[in-house]
Amino acid sequence: MNKKLLSAPFLFWSALFIIIPLCMVFYYGFTDKDGAFTLSNIMAIATPEHSKAFFEAVKLSLLSTVICFFLAYPLAMILANLKGKRSSLIALIFILPMWMNFLLRTLAWQTLLEKTGVINSILGFLGLPALNIINTPGAIVLGMVYNFLPFMVLPIYNVLCKIDVNVLNAARDLGANEAQAFLKVTLPLSVPGIISGITMVFVPALTTFVISTILGGSKILLIGNVIEQEFTQTGNWHLGSGLSIVLMMFIIFNMVISAITDKEGDTNAL
Amino acid sequence: MKNALVNLENITKSFDGQMILDELNLYIRENEFLTLLGPSGCGKTTTLRILGGFEKPDKGRVVFEGKDITNLPPNKRNLNTVFQKYALFTHMSIAENIAFGLKIKNKSKAYIDDKIKYALKLVNLDGFENRMPDSLSGGQQQRIAIARAIVNEPKLLLLDEPLGALDLKLRQDMQYELIRLKNELGITFIYVTHDQEEALTMSDTIVVMNQGYIQQIGSPERIYNEPENAFVADFIGDSNIIGATMVRDRLVEILGARFACVDEGFGENKPVDVVIRPEDVELVAPSDGTIQGVVTHLIFKGVHYEMEVTANGYEWLVHSTRMHEVGTPVGIKVDPFNIQIMNKPESEDEEAVGVNE
């Protein structure tokens, strides 16, 4: 009884700020202005304007996730192989930026990349041609990778740290060279970390509107921007909610797929 | 030395400036069950890791079948290791675990399937092919780790405290299992343990190590009955180690009383250490004993009684099937064959210094 009481504040919190808002999103998503049931807000994803923003968001967030993975894996391996005091110091260096405000970090990149920004000033000073990075998909990907990289590094680092070094020694002992030991033992054993890393990067990247607004100008609309505009500018909560539901379903669908393939990978491994 | 399967020559290794092995020399004969025995930090595991290729010695050579393999990586060595905590691949089935080494060597599927069957039969786990390692008990996992190693037909199997994580009963069963396996397979075993009983049960040869030095090499009987120094005597079983004086050949003075013994060549009136095993101390009527004392402690141990007898200022540890109540005056007698004489170490350091066969 006492233990149940302890969870009361959390239950109250989640009811107030998670369950009720979610119900409201569903209510708005499936009704029109007069409160009548409709699927048009959901189907609105099919309009060229919306589907373009949706696929652009999927494309850029997938690209960012892939880049994050290839940057994070070697980094996590290096971190996991460092022993003692140095490892915690270097891990701290990677966590440190996460303690800084997300908006500030993104605005800093804007200052760096702007047409008259820091990078172009230096290039101009050296007599080199200016770079045109800001307001391109590239700038958005850069912002996503920069902001979300730690979320890929940490879960992979965690699983790699848990792998018993003798399991790798056993692979070497049984005749595997370093590359074979990596592909047949390290990589499969780190799959859970990879999956949570991908989820933790892909989901926020897919739904972001801050990075695309600050680094993409108004030129590139992602699905996150469209939804944000429906709520803050157009004032059409019904359409905004409908598109949110589509996005939410897409993410849940992907997570279920990855959970299923992960389980299969467990039983018939490489 | 010529028929040795493995020769360790002048192996020296230190970590962070701390000497782990100092000029270690050891040879291992073909088909031998050799045990490296010692307390933790004595260098036994480092020796095994150098053999397996997981550590490189700072100095010295590892010669295997006449070839210098000091700089070969583990995957190029014709030997296999059974690790302390099994180190099975948890993402693979038992069959895949056992097939790991064979697949890398590109053996045919039929050959691999045969080998898996054979290995599982050998370790008494037929039918476990499709189980996952996590669903097995500790003892079963250890058998799989052994099966995974031996399917590769190594010349030499290294075992790093493989029974350390098992409970007592299982450990004893596995000891017999290992002896049987070694005899059936006819390969050389190098076994690392800190458990003296395990070493005595299984080994052909025991190498007692301490602080990076070999203290004594010999058969289990020899190590137990004729320890060469106080460390070995103390580490292998309980013993009474007493400072004494060698009066002349075959006569030693212990705590002021003269005992007949069988050792010769120590000189006259030379200070020595004597080792007397607790089961070799005979308690008799006071008038029949060489020394007289009083029983001060008594504990029932099952197979025997453990008693402490204070005599001439020393607490003698005695194992006997006959009980003597606390406070009983007794006489102590020792058969001359059961008194083992050892040279006294000349300095503190000497205790750790190598004693060569």
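The values are calculated or read from the model by the stated rules, or taken from the named source; none is laboratory data. Since the structure is predicted, the reported quantities are computational estimates derived from the model, not experimental observations. When we count neighbours, we look across all protein chains shown, and the Cβ atoms used for this are built from the backbone with ideal geometry, even at glycine.
Quick notes on this one:
- Hey, B:I179 out of contact with any Pro (no Cβ under 6 Å at 6 or more places or on another chain), surrounded by fewer than 21 Cβ atoms within 10 Å (Cβ to Cβ) and modelled with pLDDT of 90 or more or not: yes
- Taking the numbered list (1) within 27 Å of B:N31 (Cβ to Cβ); (2) at the interface with another protein chain (Cβ under 9 Å from one of its Cβ atoms) in turn, B:R143 passes all entries but (2).
- Residue in the stretch A:143-173 that is farthest from the other protein chains (Cβ to nearest Cβ), counting only those that are over 14 Å from A:G193 (Cα atoms) and buried (at least 22 other Cβ atoms within 10 Å of the Cβ): A:G143
- Residue in the stretch B:88-95 that is polar (S, T, N, Q), outside any strand (DSSP E or B) and more than 26 Å from B:F15 (Cα to Cα) present: yes
- Number of residues in the stretch A:226-245 that are buried (at least 21 other Cβ atoms within 10 Å of the Cβ) and either among the β-branched types (V, I, T) or within 26 Å of A:I134 (Cβ to Cβ) (or both): the value is 3.
- In the stretch A:195-215 there is no residue that is at negative phi and more than 25 Å from the chain's Cα centre (by Cα).
- Matching residues in the stretch B:96-111 - criterion: being outside any helix (DSSP H, G or I) and at the interface with chain A (Cβ under 9 Å from one of its Cβ atoms): B:K105
- Search result, residues across the stretch B:219-239 that are crowded, with 19+ Cβ neighbours inside 10 Å and out of contact with any helix residue (DSSP H, G or I) (no Cβ under 8 Å at 6 or more places or on another chain): B:E228, B:A233
- Residue ranges of helices (runs of 4 or more DSSP H) in the stretch B:142-233 with at least 3 members basic (K, R), closer than 30 Å to B:S93 by Cβ and in the same structural domain as B:V82 (by TED's automatic domain parsing): B:168-185
- Any strands (runs of 3 or more DSSP E) falling wholly within the stretch B:264-319 and containing at least 1 residues that are within 13 Å of B:V252 (Cβ to Cβ) and either over 30 Å from the mean Cα position of the chain (by Cα) or not aliphatic (A, V, I, L, M) (or both): B:270-276, B:291-300
- Matching option when the condition is within 21 Å of A:L174 (Cβ to Cβ), among the aromatic types (F, W, Y) and more than 11 Å from chain A (Cβ to nearest Cβ), among B:F33, B:F64: B:F64
- Test: residue in the stretch B:65-85 that is farther than 30 Å from A:L189 by Cα and assigned to a helix (DSSP H, G or I): no
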